[in-house]
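Read the structure below first, then the notes.
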Amino acid sequence: MVLAASACSLEGARGNYGTGPDAIITVNGGEPQNGLVPTNTNENMGGRVVDSLFTGLYSYTADGTPVLANAESVDTTDNQHYTVHLKRDWTFTDGTPVRAENYVRAWNFGAATVNGQLQQSFFAPIEGYDAVAADASPLTEMSGLKVVDDYTFTVRLTSPNIDFKLGLGFTPFKPLPDVFFTDGAAKFGEHPVGNGPYMLKGPDAWLHNVKLDVVRNPNYRGPDKPKNGGLSFVFYSSFDTAYTDLESGNLDVLDTVPVSALGTYKKVLGSRALTKPTAQNMQLGIPYYLPHFSGEEGRLRRAAISMAINRPEIIKAIFRGARGAAQDFTARSLPGWDPNIPGNEVLKFDPVKAKQLWAQANAIAPWSGSFEVAYNSDGDHQEWIDALSNQLKNTLGIDAHGAPQPTFKQVRDAITKRSIRTAFRSGWQGDYPSMLEFLQPQFVTGAGSNDPVYSSPAFDAKLIEAERALDPSQSYALVNKAQALLMHDLPVIPLWDYTAAGGVGPGVTAQLTWNGLADFTQITKGDVAESTKG
C-alpha cells in the first residue's frame with residue numbers, strides 16, 4: 001500500500017476521551033485520498049481507516065501472521081482451487097448478514113474495468129479477470145468465482161499462486177454490503193458500512209481534512225476485538241505538530257516520530273518510545289512519460305541519479321540511523337529478503353560512475369531544464385529531499401530541487417491521474433508479509449500502483465513464475481531474479497527501508513506492527529496502563 005508520510009492539532013482532545021476499556025484513542029492520521037471503499041483504497045491514510053471498518057476472510061496479527069476471521073475455513077489442495085466457508089454469525093453494522101454473495105460481488109466490482117478501482121490488479125490471479133479487466137469491457141463477473149450457498153463460495157485461479165491465500169486478509173478482498181450496490185461507491189465511500197472491529201461514530205464522523213472518528217462495533221465477531229472504545233484519527237499538517245501533541249499528552253499514539261526528534265525521542269519519551277524494524281520503504285519515482293526519462297536515455301539517467309545519491313550519508317545525518325540503505329525493491333524484514341540481488345551495485349554511491357552514465361545519456365539527447373522532486377508538505381520530507389537534491393547538484397552538475405505540494409492527497413491525485421510532470425517521492429508499506437506484494441502492485445504492467453507507468457514483459461513473466469512456485473524457497477529465488485531485471489531498468493530508485501520510530505502518551509499501552517502501523521484494536525489507556533515497546 002502506498003506509504004503516506006503526512007501528519008490540524010486538536011489540542012486538549014485527548015483529555016476529553018476518557019480512560020479504561022471505553023476510552024477513545026487519539027492516533028495520527030491524514031486525509032484519505034478517496035472515499036472509504038476497500039477496492040479503491042491503495043494508500044495508507046485511507047487504508048488504516050478502511051481496515052478498521054472492514055474485516056475479510058483473514059486478519060493479521062502484529063507480527064503479520066494470518067488468522068481466520070470471517071472465514072470458517074479456506075481449503076485448497078493445489079493453490080489454484082479454493083473453497084471458502086464463512087462463519088454464519090457475522091453481520092455488517094447495518095444489521096444485514098455477511099454472506100458469500102457479499103464477497104463475490106465485491107471482488108467482481110473491484111476487478112471490472114468499468115468501475116475503475118485502484119486495487120483492480122490484485123484480482124488478476126482469478127480466472128476470468130482478463131475478460132472483465134480488458135479496456136472498455138462490458139463484462140462484470142469473473143468466471144472463477146461461484147456462490148455455492150449463502151455461506152460458501154469457490155475461487156478458481158488461472159494457475160497456482162503461492163501468495164493468494166496469504167493475501168485474503170488484505171483490503172481489496174473485504175466484503176461489501178448490499179447497501180454499497182444500491183447507494184453507489186461515491187455515496188457509500190463517505191458513509192461506509194462495514195463488518196470490522198470499528199464503525200463510524202455517526203453521520204458526521206468524517207470531518208474532512210481535520211479528523212475521522214470510529215467507535216467499537218458491539219457486534220464484531222473477529223479475533224481482534226477492540227480493547228478500547230474507539231479511535232479518533234487526527235489529520236496533522238506536520239509530524240512535528242503531532243509529536244508536540246504527543247509530548248504534551250494531547251495525542252495518544254504516534255506511529256512516526258519527526259526527523260527533528262529522531263536523535264532525542266528515546267531519551268525524551270523513555271518507556272513511551274516505540275521502535276521496530278518494519279516492512280516499509282522509500283523510493284524516488286520518475287514517470288517514463290517525462291522528457292529525458294524514456295528508452296535508453298532514461299535508463300542511463302535513472303542509474304546516474306541512483307549512483308549520485310549517498311544514502312548512508314543522508315541516513316546518518318538526517319535519520320540518525322533509523323533507516324537502512326536500500327539493497328532491493330522490498331524491505332529487509334520480509335521473508336526471503338536477499339541483500340545480494342544481481343545488479344544492486346546501482347544502489348551504491350559512486351560519483352565517478354554516475355557522471356559517466358549521465359554523460360552517456362547526454363550523448364543520446366542533451367539534458368535541459370531542472371530535476372524536481374515532488375513531495376507533500378504535510379509529511380516530513382523537506383530535509384532529506386533538500387539533501388538528496390544537493391547531492392545531485394554536486395555530482396551531476398544539474399539544477400535539482402524539491403517541489404512541495406500542500407498535502408499527500410494532492411500529490412497522490414496528480415500521480416494517479418498521470419498529470420504530475422516531475423519526479424516524486426513515494427513509498428510502500430506492506431499489506432501482508434510478502435516480497436511479491438511489494439513488487440506486483442507497483443511494477444507489473446498496468447497494476448494499480450504502477451506510478452512510473454513501467455512495463456516489462458520479462459519482469460511480468462518472471463513474477464508469474466514466482467507466484468506459481470511450489471514452495472517458498474523456490475518463490476523467493478524467482479522473486480529475486482525478477483528484482484535483478486528491476487535493477488537494470490530502475491522503474492523507481494530505491495532509497496531506504498525503515499526501522500519505525502513512534503511513541504505513546506502517558507498511561508497508554510500500544511505496540512507497532514510488522515508494517516509500522518499501531519496495533520489499533522489492542523491499544524489501551526488508563527491510569528494503571530504501562531507503555532510497552534513494540
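Given the residues ALA273, ALA242, which is the only one that is small (Gly, Ala, Ser), over 30 Å from ASP94 (Cα atoms) and crowded, with 23+ Cβ neighbours inside 10 Å?
Exactly one of ALA273, ALA242 is small (Gly, Ala, Ser), over 30 Å from ASP94 (Cα atoms) and crowded, with 23+ Cβ neighbours inside 10 Å, namely ALA242.
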(request) Might you let me know whether the stretch 348-367 holds any residue that is within 18 Å of ASP497 (Cβ to Cβ), surrounded by fewer than 17 Cβ atoms within 10 Å (Cβ to Cβ) and of a type outside the set (Ser, Thr, Tyr)? (result) yes
(request) Answer yes or no: is there a residue in the stretch 442-455 that is outside any loop (DSSP other than H, G, I, E, B), closer than 26 Å to TRP514 by Cβ and not assigned by TED's automatic domain parsing to the domain that holds THR113. (result) yes
(message) Considering only residues that are at pLDDT 95 or above and either in a strand (DSSP E or B) or among the polar types (S, T, N, Q) (or both), which ones fall in the stretch 34-64?
(response) ASN34, THR39, ASN40, THR41, SER52, THR55, TYR58, SER59, TYR60, THR61
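A quick yes/no check of all residues on (1) among the acidic types (Asp, Glu); (2) touching a strand residue (DSSP E or B) at 6+ places or on another chain (Cβ under 7 Å); (3) at pLDDT 95 or above:
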{"site": "VAL268", "(1), (2), (3)": "no, no, yes"}
{"site": "ASN281", "(1), (2), (3)": "no, yes, yes"}
{"site": "GLU313", "(1), (2), (3)": "yes, no, yes"}
{"site": "PHE349", "(1), (2), (3)": "no, no, yes"}
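To keep it simple, each residue is scored yes or no on (1) modelled with pLDDT under 95; (2) small (Gly, Ala, Ser); (3) surrounded by fewer than 19 Cβ atoms within 10 Å (Cβ to Cβ); (4) in the same structural domain as PRO491 (by TED's automatic domain parsing).
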| position | (1), (2), (3), (4) |
| --- | --- |
| TRP384 | no, no, no, yes |
| ALA387 | no, yes, yes, yes |
| LEU392 | no, no, no, yes |
| ALA400 | no, yes, no, yes |
| ARG412 | yes, no, no, yes |
| THR416 | yes, no, yes, yes |
| ALA423 | no, yes, no, yes |
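Of these, VAL479, VAL504, which one is over 17 Å from PRO342 (Cβ atoms) and modelled with pLDDT of 95 or more?
Result of the check over VAL479, VAL504: VAL504.
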(request) State the number of residues belonging to the stretch 145-164 that are assigned to a loop (DSSP other than H, G, I, E, B) and of a type in the set (Val, Ile, Thr). (result) 2
(request) Out of the residues in the stretch 65-90 that are part of a strand (DSSP E or B) and among the hydrophobic types (A, V, I, L, M, F, W, C), state the one that is nearest to VAL148 (Cα to Cα). (result) VAL84
(message) Among the residues that make up the stretch 324-337, is at least one of them part of a helix (DSSP H, G or I) and modelled with pLDDT of 95 or more?
(response) no
(request) Test GLY263 against the criterion of being out of contact with any Ser or Thr (no Cβ under 7 Å at 6 or more places or on another chain), modelled with pLDDT of 95 or more and small (Gly, Ala, Ser), and give yes or no. (result) no
(request) Please specify each residue of the stretch 425-443 satisfying the condition of being among the hydrophobic types (A, V, I, L, M, F, W, C), at pLDDT 95 or above and either under 17 Å from ILE286 (Cα atoms) or touching a Cys at 6+ places or on another chain (Cβ under 6 Å) (or both). (result) LEU439, PHE443
(request) For residues that are part of a loop (DSSP other than H, G, I, E, B), under 15 Å from LYS393 (Cβ atoms) and not hydroxyl-bearing (Ser, Thr, Tyr), tally how many sit in the stretch 350-381. (result) 2
(request) May I ask you to say which residue of ALA304, ALA308 is under 20 Å from ASP497 (Cα atoms) and in the same structural domain as SER475 (by TED's automatic domain parsing)? (result) ALA308
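The values are calculated or read from the model by the stated rules, or taken from the named source; none is laboratory data. Predicted model only: the values in this text are computed from it and were never measured. Counting neighbours? That spans all protein chains shown, and the Cβs are built from the backbone with ideal geometry, glycine included.
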